[in-house]
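Visitor: Dropping a structure here in structure tokens format, bear with me for questions.
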């Protein structure tokens, strides 16, 4: 199988390539990225690690280039996006251009290239807020520019469902170590701050819930979906729901001297949770583990 990954040099892209490189079913991986985040860790550190990867620098708005690359591919995993924390509400034009119209362009290239399988990484932010866990039958009601742009991307991906196998993944907040780290994600940021400044800052009273998934499980899940060639579906990719306060508590067990500061402690902020389907997670080969164990492993990756 030959697969093209947009956004391949990013946090999730690096993890996915690590998984796909090891699979006999995969013959070639085209890593497509514009390197806008200036993260080059995919390219360094372990010479000869990747035997199947071809890097192509390009924009998802360059339809001609994408179509040419996709002609020899069986599948496309669309990870490229303007990414932020789930409830960010800035850079309206950039989110629209990349997440909405960029996805429309990728979808059009996939149609013209007549690939077999299209996987679109969406976000849990398409649901908005709520007091109860959301499942895929819930009508999305995004409340931020980011969430709206990801939902519009889903609308374009749905155009493919009568043309090719199409999977839409509504992904929880991703955390955990890999070489292409993102430190704007809440758990990763808290871990960095706890290690290097000795304190973390919580917004509100900390009782707000967020859904999470470890980056390794994201890689496992997408790999399984790709290789099993699942039928058209929309899924939530999540392995836990936690309050921000509990995240801070768990991190404090790893860094006992950590200080905590709440900004606007009197405020109870809105929550987002996703329903967890344990049976489906097992089918995706997700590996459950305790949050504390994962944080301890993470902490050992800091150089000092």
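The values are calculated or read from the model by the stated rules, or taken from the named source; none is laboratory data. Computed from a prediction, not measured in an experiment: that's the story for all the values here. Note that we place each Cβ from the backbone using ideal geometry, even for glycine, and neighbour counts take in every protein chain shown.
Visitor: Identify, by number, the condition in (1) under 16 Å from residue 10 (Cα atoms); (2) at pLDDT 95 or above; (3) surrounded by 18 or more Cβ atoms within 10 Å (Cβ to Cβ) that residue 106 doesn't meet.
Guide: Only one criterion is unmet by residue 106, namely (1).
Visitor: A further question follows. Looking at region 226-233, is at least one residue in contact with a strand residue (DSSP E or B) (Cβ under 7 Å, 6 or more places away or on another chain) and part of a strand (DSSP E or B)?
Guide: yes
Visitor: Applying the selection to region 131-151, what residues are at pLDDT below 95 and either part of a helix (DSSP H, G or I) or not assigned by TED's automatic domain parsing to the domain that holds residue 96 (or both)?
Guide: Result: 145, 146, 147, 148, 149, 150.
Visitor: Give the residue that is surrounded by the fewest Cβ atoms within 10 Å (Cβ to Cβ), with candidates limited to residues of region 175-197 that are in a loop (DSSP other than H, G, I, E, B) and in contact with a strand residue (DSSP E or B) (Cβ under 6 Å, 6 or more places away or on another chain). Reasoning before the result, please.
Guide: Restricting attention to region 175-197, the residues satisfying the condition of being in a loop (DSSP other than H, G, I, E, B) are 176-185, 197.
Next, only the ones that are in contact with a strand residue (DSSP E or B) (Cβ under 6 Å, 6 or more places away or on another chain) stay: 176, 185.
Working: 176: 23, 185: 21.
Ranking the qualifying residues of region 175-197, first place goes to 185.
Visitor: What are the pairs, 6+ residues apart or on separate chains, where a residue within region 120-135 that is farther than 11 Å from residue 236 by Cβ has its Cβ under 6 Å from a residue that is in a helix (DSSP H, G or I) and at pLDDT 95 or above?
Guide: What qualifies is 120/157.
Visitor: Is it the case, given these coordinates, that residue 19 is touching a helix residue (DSSP H, G or I) at 6+ places or on another chain (Cβ under 7 Å), crowded, with 20+ Cβ neighbours inside 10 Å and more than 19 Å from residue 164 (Cβ to Cβ)?
Guide: Values: touching a helix residue (DSSP H, G or I) at 6+ places or on another chain (Cβ under 7 Å): yes; crowded, with 20+ Cβ neighbours inside 10 Å: yes; more than 19 Å from residue 164 (Cβ to Cβ): yes.
Yes; evaluated as a whole, the condition is true for this residue.
Visitor: Taking residue 265 and the conditions (1) buried (at least 17 other Cβ atoms within 10 Å of the Cβ); (2) within 26 Å of residue 130 (Cα to Cα); (3) not assigned by TED's automatic domain parsing to the domain that holds residue 135, which numbered condition does it fall short on, given that it satisfies the others?
Guide: Failing condition for residue 265: (1).
Visitor: Select from region 156-174 the residues that are within 13 Å of residue 106 (Cβ to Cβ) and part of a helix (DSSP H, G or I) and list them in ascending order.
Guide: Result: 156, 157.
Visitor: Out of the residues in region 112-130 meeting the condition of being part of a loop (DSSP other than H, G, I, E, B) and touching a strand residue (DSSP E or B) at 6+ places or on another chain (Cβ under 9 Å), tell me which one is surrounded by the fewest Cβ atoms within 10 Å (Cβ to Cβ). Break it down into steps so the answer makes sense when it comes.
Guide: Here is the first cut: in region 112-130, the residues part of a loop (DSSP other than H, G, I, E, B) are 114-116, 128-130.
Okay, now just the ones that are also touching a strand residue (DSSP E or B) at 6+ places or on another chain (Cβ under 9 Å), so 115-116, 128.
Working: 115: 23, 116: 13, 128: 20.
Top of the filtered list is 116.
Visitor: Right, something else. Against the condition at pLDDT 95 or above, within 19 Å of the chain's Cα centre (by Cα) and assigned to a loop (DSSP other than H, G, I, E, B), how does residue 31 come out, does it pass?
Guide: Values: at pLDDT 95 or above: yes; within 19 Å of the chain's Cα centre (by Cα): yes; assigned to a loop (DSSP other than H, G, I, E, B): no.
Spelling it out, it is not the case that residue 31 is at pLDDT 95 or above, within 19 Å of the chain's Cα centre (by Cα) and assigned to a loop (DSSP other than H, G, I, E, B).
Visitor: Checking the conditions here, which among 63, 45, 58, 10 is without any contact (Cβ under 8 Å) to a residue 40 or more places away in the chain and either in the same structural domain as residue 124 (by TED's automatic domain parsing) or over 20 Å from residue 215 (Cα atoms) (or both)?
Guide: Numbers: 63 fails: without any contact (Cβ under 8 Å) to a residue 40 or more places away in the chain; 45 fails: without any contact (Cβ under 8 Å) to a residue 40 or more places away in the chain; 10 fails: without any contact (Cβ under 8 Å) to a residue 40 or more places away in the chain.
Going through 63, 45, 58, 10 in turn, just one is without any contact (Cβ under 8 Å) to a residue 40 or more places away in the chain and either in the same structural domain as residue 124 (by TED's automatic domain parsing) or over 20 Å from residue 215 (Cα atoms) (or both): 58.
Visitor: Another question, if that's okay. Would you point out which residue out of 142, 133 is over 21 Å from residue 222 (Cα atoms) and in contact with a strand residue (DSSP E or B) (Cβ under 8 Å, 6 or more places away or on another chain)?
Guide: None of the others qualify; the one that does is 133.
Visitor: Moving on. Which numbered condition trips up residue 142, out of (1) touching a residue at least 40 places away in the same chain (Cβ under 8 Å); (2) under 21 Å from the mean Cα position of the chain (by Cα); (3) surrounded by fewer than 23 Cβ atoms within 10 Å (Cβ to Cβ)?
Guide: (1)
Listed here are the residues, each with its yes/no results for (1) loosely packed, with under 12 Cβ neighbours inside 10 Å; (2) part of a helix (DSSP H, G or I); (3) assigned by TED's automatic domain parsing to the domain that holds residue 135; (4) in contact with a strand residue (DSSP E or B) (Cβ under 8 Å, 6 or more places away or on another chain).
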site: 248; (1), (2), (3), (4): no, yes, no, yes
site: 252; (1), (2), (3), (4): no, yes, no, yes
site: 256; (1), (2), (3), (4): yes, no, no, no
site: 282; (1), (2), (3), (4): yes, yes, no, no
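Visitor: Quick one: in region 64-102, which of the residues that are at pLDDT 95 or above, part of a helix (DSSP H, G or I) and touching a strand residue (DSSP E or B) at 6+ places or on another chain (Cβ under 9 Å) is nearest to residue 6 (Cα to Cα)?
Guide: Ranking the candidates gives 66 first.
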